[in-house]
Amino acid sequence: MNYFTKKSFAILIAVVTIMGLTQCKSTKKAAPNVTGETLVETYCSGPEFQSNKDFFRSNAIAESMDQQVSRQKALTQARALLAQQLEITLKNVTDAYVNSTSGNNVENLEQRYEGLTREVTNQKLSGTRTICEKTTKTQAGNFKTYVAVELSGEEILGAMKAKLSGDEKLRIDYDYEKFKKTFEEEMSKME
């Protein structure tokens, strides 16, 4: 091979290599444009902030021109979601527990359990623990707060035990170990 052929061959290889690298880069950049989607990071969210067999958890996002208002709105929303989750879970536990007991006044027993469940839920929500809190400022100048809160299943179970054993009429029909087993079964469904 002569000098010009070697030089032309080397230039050709360099051009092909550069084109190949450029093509790879543009393919990677084109992927998001093809779908028209952009990945958004949501703080205080994801598997570690979801309910499981040990904790009830919820998260929320709120925005306001005032930072404190943004935070308060997010906490209020997170607690409201937590209350809904608690009510549904405790309703399922109460239904399963009451249906497994025998007696003449099952309807009265169920109503009393539901009343105590609401009372415990309202009382315990004040004891929620904030496990994540992040605040950002939007382009519009507003504050955006992300929060996640949790409440221990053991705390709920203990509060239910205290309320149920304190009610004389329910104490006759109340079997803590049976109630606890039903509660734990319902909690394990969250895994």
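Inspect all residues belonging to region 171-178 and state whether any of them is of a type in the set (A, V, I, L, M, F, W, C) and closer than 25 Å to ALA80 by Cα. Break it down stepwise before answering.
Step one: list which residues in region 171-178 are of a type in the set (A, V, I, L, M, F, W, C), which gives 172.
With the extra rule that they be closer than 25 Å to ALA80 by Cα, the set shrinks to none.
No.
Condition test on LYS124, is it basic (Lys, Arg) and at pLDDT 85 or above?
No: the conditions fail for LYS124.
Working only within region 142-191, note down all residues that are among the aromatic types (Phe, Trp, Tyr) and either touching a residue at least 24 places away in the same chain (Cβ under 8 Å) or under 28 Å from GLY46 (Cα atoms) (or both).
PHE143, TYR146, PHE179, PHE183 - these are the residues of region 142-191 that are among the aromatic types (Phe, Trp, Tyr) and either touching a residue at least 24 places away in the same chain (Cβ under 8 Å) or under 28 Å from GLY46 (Cα atoms) (or both).
What number of residues within region 54-85 are in contact with a Leu (Cβ under 7 Å, 6 or more places away or on another chain) and in a helix (DSSP H, G or I)?
The number of residues fulfilling the criteria is 3.
Which of the residues that make up region 164-178 are surrounded by 13 or more Cβ atoms within 10 Å (Cβ to Cβ) and out of contact with any Ser or Thr (no Cβ under 9 Å at 6 or more places or on another chain)?
Of everything in region 164-178, those that are surrounded by 13 or more Cβ atoms within 10 Å (Cβ to Cβ) and out of contact with any Ser or Thr (no Cβ under 9 Å at 6 or more places or on another chain) turn out to be LEU164, ASP167, LEU170.
Suppose we filter region 44-59 for residues that are out of contact with any Cys (no Cβ under 7 Å at 6 or more places or on another chain) and surrounded by 13 or more Cβ atoms within 10 Å (Cβ to Cβ); how many remain?
Counting residues in region 44-59 that are out of contact with any Cys (no Cβ under 7 Å at 6 or more places or on another chain) and surrounded by 13 or more Cβ atoms within 10 Å (Cβ to Cβ) gives 10.
List the helices (runs of 4 or more DSSP H) that sit entirely inside region 150-191 and contain at least 1 residues that are within 17 Å of SER126 (Cα to Cα), touching a helix residue (DSSP H, G or I) at 6+ places or on another chain (Cβ under 6 Å) and assigned by TED's automatic domain parsing to the domain that holds SER58. Break it down into steps so the answer makes sense when it comes.
Working: elements: 153-166, 168-173, 176-188.
Where helices (runs of 4 or more DSSP H) fall fully within region 150-191 and carry at least 1 residues being within 17 Å of SER126 (Cα to Cα), touching a helix residue (DSSP H, G or I) at 6+ places or on another chain (Cβ under 6 Å) and assigned by TED's automatic domain parsing to the domain that holds SER58, they are 153-166.
Take the conditions within 15 Å of the chain's Cα centre (by Cα), on the phi < 0 side of the Ramachandran plot and surrounded by fewer than 16 Cβ atoms within 10 Å (Cβ to Cβ) and apply them to ARG118. Does it pass?
Here the answer is no, as ARG118 does not meet what is asked.
Test of understanding: among GLU87, GLU107, which residue is modelled with pLDDT under 95 and either closer than 20 Å to GLU186 by Cβ or not assigned by TED's automatic domain parsing to the domain that holds LYS161 (or both)? Spell out how you get there, then give the answer.
Values: GLU107 fails: either closer than 20 Å to GLU186 by Cβ or not assigned by TED's automatic domain parsing to the domain that holds LYS161 (or both).
Result of the check over GLU87, GLU107: GLU87.
Answer with yes or no whether ARG71 is in the same structural domain as LYS178 (by TED's automatic domain parsing) and surrounded by 15 or more Cβ atoms within 10 Å (Cβ to Cβ).
yes
The values are calculated or read from the model by the stated rules, or taken from the named source; none is laboratory data. As the structure is a prediction and not an experimental result, all values here were calculated from the model. Reconstructed Cβ throughout: ideal geometry from the backbone, glycine too, with neighbour counts over all protein chains shown.
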